[in-house]
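The values are calculated or read from the model by the stated rules, or taken from the named source; none is laboratory data. Everything numeric in this text was worked out from a predicted model, so none of it was measured. Cβ sites come from the backbone with ideal geometry, for glycine too, and all protein chains shown count toward neighbours.
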Amino acid sequence: MRRRTRNTILLALACAALGALALLQVQHERAAMSDPLTAIDIAAIRTVQVECRGCAVRRYERRADGWMQVSPAPAVAVPDEMVTRLLAIAHAPVRTRHASGALDPRRIGLDPPQALLHLDAETLRFGTTDAIHGDRYVATGDGIALVPDRFSAWLFARPAAGGDASDGAKR
């Protein structure tokens, strides 16, 4: 066997082994994050309100013909995708949970929170992101969780304008 052929085979085997290890790691992380942020029944939510620093308060209500933004603009229809993505935050997978007093709220951006998401009577408070994984600190009634931040664009979006309902989904 020639040296070049042997090296190519060894490199291919090393790549296959690394690929298999990466796949196992992803499966392990998915299994560890199967716990949702909250147990809220998002199909039953009637009102959603988003507050963030430097943003106008946005309030949405579920009506017979879909979701309507009732604040700050008067009764503007919004795409269902926008509110669906906000509701999906309640079921975001949790990477790590901490007890309420385990972390200093000021150091992780929860005192004051960077954003609030009110889902009927439940309130989620959002802090800063973790420097290592980019996960966001989210405080719920039972503690603080680190959640993969795949929702900030929707959480900090601008409100829908009077004539253009899709404007609120853009950043």
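Test Asp35 against the stated conditions and say whether it is touching a residue at least 24 places away in the same chain (Cβ under 8 Å) and either under 23 Å from Leu86 (Cα atoms) or loosely packed, with under 14 Cβ neighbours inside 10 Å (or both).
Values: touching a residue at least 24 places away in the same chain (Cβ under 8 Å): yes; either under 23 Å from Leu86 (Cα atoms) or loosely packed, with under 14 Cβ neighbours inside 10 Å (or both): yes.
The answer is yes for Asp35.
Give the residues of region 81-107 that are more than 21 Å from the chain's Cα centre (by Cα) and either part of a strand (DSSP E or B) or without any contact (Cβ under 8 Å) to a residue 12 or more places away in the chain (or both), sorted by residue number. Within region 81-107, Gly101, Asp104 qualify. Taking region 75-110 as the range and being modelled with pLDDT of 90 or more, farther than 24 Å from Asp142 by Cβ and surrounded by 14 or more Cβ atoms within 10 Å (Cβ to Cβ) as the test, only Val83 passes. Taking the criterion of being part of a loop (DSSP other than H, G, I, E, B) and not small (Gly, Ala, Ser), the residues of region 108-122 that qualify are Ile108, Asp111, Pro112, Gln114, Asp120. If you check Ala77, Ala64, Ala16 for being over 17 Å from Ala145 (Cβ atoms) and not assigned by TED's automatic domain parsing to the domain that holds Pro148, only one passes: Ala16.
Identify all residues within region 124-171 that are among the hydrophobic types (A, V, I, L, M, F, W, C) and modelled with pLDDT under 80; write none if there are none. Ala160, Ala161, Ala165, Ala169, listed by residue number. No other residue among Asp41, Asp35 is in contact with a Lys or Arg (Cβ under 8 Å, 6 or more places away or on another chain), closer than 23 Å to Gly143 by Cα and charged (D, E, K, R) apart from Asp35. Of the residues making up region 47-80, those that are under 17 Å from Leu116 (Cα atoms), in contact (Cβ under 8 Å) with a residue 40 or more places away in the chain and in a loop (DSSP other than H, G, I, E, B) are Arg53, Cys55, Ala56, Pro72.
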